[in-house]
Amino acid sequence: MPEEKPWSGRFARPIDAAVAAFTTSIDVDRRLYAYDIAGSIAHARMLAHVKVLSEKECDTIVGGLESIRTEIEAGKFSWESRLEDVHMNIEARLIDQIGEVGKKLHTGRSRNDQVATDMRLYVRDSIDALCQRIARTQAALLVVAERETDTIMPGFTHLQAAQPVTFGHHMLAWFEMLSRDHARMKDCRKRVNILPLGAAALAGTSYPIDREYAARLLGFDEVAENSLDAVSDRDFAIELVAATAQLMTHLSRFCEEIILWASSVFGFIELSDDLCTGSSIMPQKKNPDVAELIRGKTGRVNGALVALLTVMKAQPLAYNRDNQEDKEPVFDAVDTVSTSLDVFVALLEGMELDRDAMLRVAQDGFTTATDLADYLVRKGIAFRDAHEIVANLVRLGMDTDKDLSQMSLSELQGRCKEIESDVFDVLTLEGSVNARNHVGGTAPAQVRQAIQRARKRLAAYDD
Ligand code: ARG
């Protein structure tokens, strides 16, 4: 049986079966049903408001759409690939259900402004849900930061032990990255929350529509200024996916550190058993798969961004069917980053620290060398000369297998006579972190204040 389409009136021959299968999007876009129905209800109410529909017609249409929503949510709706997409499936069912009046819903509208509206509603909701997940992850980081404010670990540059830092400070670095992700989402939301409806196919419509009225019903801040742009623009989707790619890139970096720390080579942390897996061949293995998968899934989110940019490049105005390809990357990016944030929180909550192991590495790596150089500067030596003196002492330490703090005063004075017995205060790890006592520094006293400020910033997210 050839497929009958809602638009087939103009055609002499029915659609080719392969083309029908190729062009349908129902398996992907049915997920927009709630937004499609909300958009249609607002459109019908707007049409009644400007008297293109009677109040009675509008009520019948709205009632029909609401019962379709119930049907879909009860799993009783039969989605038909013949009807191509979510828009035509719902409209056909409406006509089925309420008869002739259902045919009036599409007055002054096109699927082009309809789908753009659906996508903006979906993206807006996704941003709000992602912002909550980001905030929850940040709150989990603050719990760890607070518990580990005084815990000393080696800080790294080039993955070489560099200077001691506090674990709380490290958690707050992650917190900052997520703060920017949150801000990016909020900023993107401003450009998402603009109503395309009313643009119709591309040029607007000849009905006396009231776009501000529909915008208010749907919670949009403003109406799109230009109808051609309104139906073709997908910047808002690109921006969201760019923000998710950046967020995944952050999670990937956190996970890379977790993987390193959990390795027996570092031995800084132990991950919770229920979040790890074993090996089918090596009985001793406990693998950090969750962290590895988050790192790996960053690839598909970054891929989604490239996919969307490529879908849009070279599209002439206005709507082109290319735009139908926006959905899978957007949905996949949002789903992936959402589940990744959820399991990442679990990872954080189930992470146990081996504080002695971190201390040992911090101790063994000459990580207070900069502190010694700063000490020499305070004794009147120029920094470059101080750097040279300490480098010589580090070489001595490597030869004699001693950390700077384990050297005798005379050994130290052998390289620099300005060194006095008070030097040992700056050579301890605690002395080193406590000395970095300014805004943004790693001193526990500063970290405690930073945590307080961070809590206030989190609380202000809801304002
Ligand atoms: N399924 C289409 C999409 O997702 C809806 C718009 C179709 N418009 C058209 N003129 N064929 O973009």
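The values are calculated or read from the model by the stated rules, or taken from the named source; none is laboratory data. Bear in mind the structure is a predicted one, so any value in this text is a computation, not a measurement. Here the Cβ is made from the backbone with ideal geometry for all residues, glycine too, and neighbour counts use every protein chain on show.
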message: As an exercise: evaluate residue 235 against (1) of a type outside the set (Gly, Ala, Ser); (2) under 30 Å from residue 177 (Cα atoms); (3) touching a residue at least 12 places away in the same chain (Cβ under 8 Å); (4) crowded, with 16+ Cβ neighbours inside 10 Å and give the number of the one condition it does not meet.
response: (4)
- request: Count, please, the residues in the stretch 63-88 that happen to be more than 32 Å from the chain's Cα centre (by Cα), under 15 Å from residue 27 (Cβ atoms) and of a type outside the set (A, V, I, L, M, F, W, C).
  value: 4
message: Can you find a residue that is closer than 30 Å to residue 253 by Cα, within 16 Å of the ligand (Cβ to nearest atom), at pLDDT 95 or above and in a helix (DSSP H, G or I) anywhere in the stretch 335-344?
response: no
- request: Any chance you could count how many residues in the stretch 26-38 are buried (at least 19 other Cβ atoms within 10 Å of the Cβ) and either within 13 Å of the ligand (Cβ to nearest atom) or aromatic (Phe, Trp, Tyr) (or both)?
  value: 5
- request: Identify all residues within the stretch 349-401 that are of a type outside the set (A, V, I, L, M, F, W, C), closer than 21 Å to residue 411 by Cα and surrounded by 14 or more Cβ atoms within 10 Å (Cβ to Cβ); write none if there are none.
  value: 363, 365, 367, 368, 370, 371, 374, 375, 379, 387, 388, 397
statement: Of (1) touching a residue at least 12 places away in the same chain (Cβ under 8 Å); (2) surrounded by 13 or more Cβ atoms within 10 Å (Cβ to Cβ), residue 273 satisfies every one except (2)
- prompt: Quick check, is residue 151 without any contact (Cβ under 8 Å) to a residue 12 or more places away in the chain, more than 16 Å from the ligand (Cβ to nearest atom) and of a type in the set (Ser, Thr, Tyr)?
  reply: no
- prompt: Could you count how many residues in the stretch 80-121 are under 17 Å from residue 197 (Cα atoms), more than 14 Å from the ligand (Cβ to nearest atom) and free of Cβ contacts under 8 Å to residues at least 60 places away in the same chain?
  reply: 1
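Give, as residue ranges, the helices (runs of 4 or more DSSP H) completely inside the stretch 360-434 that count at least 3 residues that are touching a residue at least 40 places away in the same chain (Cβ under 8 Å) and under 28 Å from residue 445 (Cα atoms). Before you say what the answer is, go through the steps one by one.
On the way: elements: 369-378, 383-400, 409-415, 423-427.
By residue number, 369-378, 423-427.
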Of residues in the stretch 174-186 being more than 15 Å from residue 126 (Cβ to Cβ) and among the charged types (D, E, K, R), the one surrounded by the fewest Cβ atoms within 10 Å (Cβ to Cβ): 180
- prompt: Take the residues of the stretch 416-441 that are out of contact with any Gly (no Cβ under 8 Å at 6 or more places or on another chain), of a type in the set (Asp, Glu) and farther than 20 Å from residue 364 by Cβ: which is surrounded by the fewest Cβ atoms within 10 Å (Cβ to Cβ)?
  reply: 422
message: Go through (1) on the phi < 0 side of the Ramachandran plot; (2) free of Cβ contacts under 8 Å to residues at least 24 places away in the same chain; (3) not β-branched (Val, Ile, Thr) for residue 44 and report which single condition fails.
response: (2)
query: Going by the structure shown, is residue 330 out of contact with any Cys (no Cβ under 7 Å at 6 or more places or on another chain) and away from the ligand (no atom under 16 Å from the Cβ)?
result: no
query: Could you say whether any residue in the stretch 212-226 is within 16 Å of the ligand (Cβ to nearest atom), closer than 25 Å to residue 45 by Cβ and out of contact with any Gly (no Cβ under 7 Å at 6 or more places or on another chain)?
result: no
